[in-house]
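The values are calculated or read from the model by the stated rules, or taken from the named source; none is laboratory data. Source: prediction; values computed, not measured. Reconstructed Cβ throughout: ideal geometry from the backbone, glycine too, with neighbour counts over all protein chains shown.
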Amino acid sequence: MPDKLTIGLDIGGTKMAFAVVDSSGNICDETVIPTEHDNPYEVTISRIAEQLNTYLDQYPNIFGIGIGVPGPVDNERGIALNAVNLLWENRPIKSDLLENLSRSVPLYIENDVNVGAIGEHLFGRAKETPNFVYLSIGTGLGGAVMLDGKLMRGSTSAEMEIGHISLDPVNGLLCTCGQRGCVEMSMSGKGLVATTKAHYERFADTQMTLDTLSTYDIIHYANHQDTLAQFVMNEAAVALGLSCVWCTMLFNPSLIVLGGGLIHATYDLLKTQTLATMEARCLPQSYDAVTVTLSQLTNAALGASALVWYFQKDTFGVSSHLTQDNTLK
């Protein structure tokens, strides 16, 4: 058995993923349970603590817990400031969980996108890269920046909300944030659906139907030359390309890592137009210096486990599990 283990927990709107992980990023044990976000906060904390205690009792060499939570987080105090999908506002997750653990271990809370960046830095594509940008593309679009191996922090724990930069504040689609034309209204799960609905009447030959429309349908039909689905994907690719342009011109990274379930499902449909947009809009020296690649880690709990190593600045070994080249350029 490895000398030291950590527990990672990713708290999502529909499921909570747990993993016991060694210092090389190998998963020794894992569990997924439904979030049941309609439950009272206290019930959810109790369910989380129960699973954490199962692992703590089973593995005596666990020395820390890392937890990824959606939305802004006060990581120093361990407070979820506004996890909208969980209906959590100013919830002291860290202290509430520590009170319910069977034994005392360090526990760290962080925004889930920052968790993805840390996981890629320690175990994934950015393992040898101290300066990079991480974009997470799923239901929404968020980002994180690592500078000299450290997360860039904002004054209100709301840094890199790149999905809410407006492309068209006058005529763009209305976003849940209240603005119009936000990037994630083109490049995200909800954005693909919203864009399809907005342009549906223009494409009489589409095979898609609004009554049962899903992101899966849009991706499927885009792969089968449906003109509306391909239009929507092109819009998404341009939005993603512009997001990468801003990151490239602001931070001059050598690497941009694209994570999240949606980008892994749409990668082949988006990459050509995404790169074309970047090449057209970036300064040549900045464009030539950056590589865009898919994330390696697809288990968010694995990324959460890396929080312990990151915050404790411990010595860790990292083994490469790369099996294919997923770089865009």
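Among residues of region 75-124 being buried (at least 16 other Cβ atoms within 10 Å of the Cβ) and among the acidic types (Asp, Glu), the one that is nearest to GLY138 (Cα to Cα) is ASP112. Mind checking whether some residue in region 195-208 is within 21 Å of SER243 (Cβ to Cβ), crowded, with 18+ Cβ neighbours inside 10 Å and not polar (S, T, N, Q)? Checked against the condition, which is being within 21 Å of SER243 (Cβ to Cβ), crowded, with 18+ Cβ neighbours inside 10 Å and not polar (S, T, N, Q), region 195-208 yields no hits at all.
If you go through region 59-93 and keep only what is in contact (Cβ under 8 Å) with a residue 24 or more places away in the chain, within 27 Å of ILE27 (Cβ to Cβ) and not in a strand (DSSP E or B), you end up with TYR59, ASN61, PRO70, GLY71, ASN75, GLY78, ASN85, LEU86, ILE93.
For VAL21, the conditions (1) more than 27 Å from GLY124 (Cα to Cα); (2) modelled with pLDDT of 95 or more all hold with the exception of (1). Of the numbered criteria (1) out of contact with any Ser or Thr (no Cβ under 9 Å at 6 or more places or on another chain); (2) modelled with pLDDT of 95 or more; (3) part of a loop (DSSP other than H, G, I, E, B), the one ASN234 fails is (3).
Selection of region 277-329 for residues being of a type in the set (A, V, I, L, M), assigned to a loop (DSSP other than H, G, I, E, B) and modelled with pLDDT of 95 or more yields LEU283, VAL290.
Among the residues of region 187-219, those identified as in contact (Cβ under 8 Å) with a residue 40 or more places away in the chain and assigned to a loop (DSSP other than H, G, I, E, B) are MET187, SER188.
Can we say THR274 is assigned by TED's automatic domain parsing to the domain that holds ASP168, over 17 Å from the mean Cα position of the chain (by Cα) and at pLDDT below 95? So THR274 fails the test. Considering region 140-164, the residues that are β-branched (Val, Ile, Thr) and touching a strand residue (DSSP E or B) at 6+ places or on another chain (Cβ under 7 Å) include one that is surrounded by the most Cβ atoms within 10 Å (Cβ to Cβ), namely ILE162.
Looking at LYS150, LYS94, just one residue is at pLDDT 95 or above and of a type in the set (Lys, Arg), and that residue is LYS94. Within region 253-275, being buried (at least 21 other Cβ atoms within 10 Å of the Cβ) and polar (S, T, N, Q) holds for THR266, THR274. Of the listed requirements (1) out of contact with any helix residue (DSSP H, G or I) (no Cβ under 9 Å at 6 or more places or on another chain); (2) not assigned by TED's automatic domain parsing to the domain that holds LEU173, GLN225 misses just one: (2). Would you check which residues across region 33-50 are polar (S, T, N, Q) and surrounded by fewer than 16 Cβ atoms within 10 Å (Cβ to Cβ) and list them? Selection gives ASN39, SER46.
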